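The values are calculated or read from the model by the stated rules, or taken from the named source; none is laboratory data. Everything quoted here is computed from the prediction, not taken from an experiment. Cβ placement follows ideal geometry from the backbone for every residue including glycine, while neighbour counts extend to all protein chains displayed. For accessibility, only protein heavy atoms count, side chains too; no ligands or nucleic acids. Shrake-Rupley method; radii C 1.70, N 1.55, O 1.52, S 1.80 Å.
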Amino acid sequence: MDDTPRRLKVAVISPTRVGFEGTGDSIVVPAYDGLMGILYGHAPMMTLLGTGEVTVKDGSTVHRISVSGGFLQVVDNEVSVLAEEVGEPASSGGTE
């Protein structure tokens, strides 16, 4: 049995700021038509972003980054959030 951790590589960036770079167990993004959840093994895809909060869960830590506009790409368990605007990240411990 393969014991390799099942983690997503996540980057949330804009032309002027890196909001988050790291790994996570799951990510929720504000797509243009509603919230979208991504887990390890997600099919390759691209979608337009709306305005809202990207949530990256990494064990018991939750990272939240506000974004507006742009697009998201998922390929080979790498999630790239390329936003027009990225706010300051906020992190919290504990499960939510």
Task: 1.4 Å probe accessible area per residue over the chain, in Å² - done: 58 Å²
Open item on the list: Ranking request for peptides 77-84, 18-25: highest mean number of other beta-carbon atoms within 10 Å first, then the rest in descending order.
Closed with: 77-84, 18-25
Task: Accessible area in the full protein assembly, largest first, 1.4 Å probe, for 54, 75 - done: 75, 54
Task: Potential extension, residue 33-residue 9 segment - 0.36 nm per residue separation minus Cα distance - done: 6.3 nm
Task: Percent carbon-and-sulfur accessible area, the chain, ignoring ligands, DNA and RNA, probe 1.4 Å - done: 52 percent
Task: the stretch 20-96, relative contact order in percent, only Cα pairs under 8 angstrom and at least six apart counted - done: 27 percent
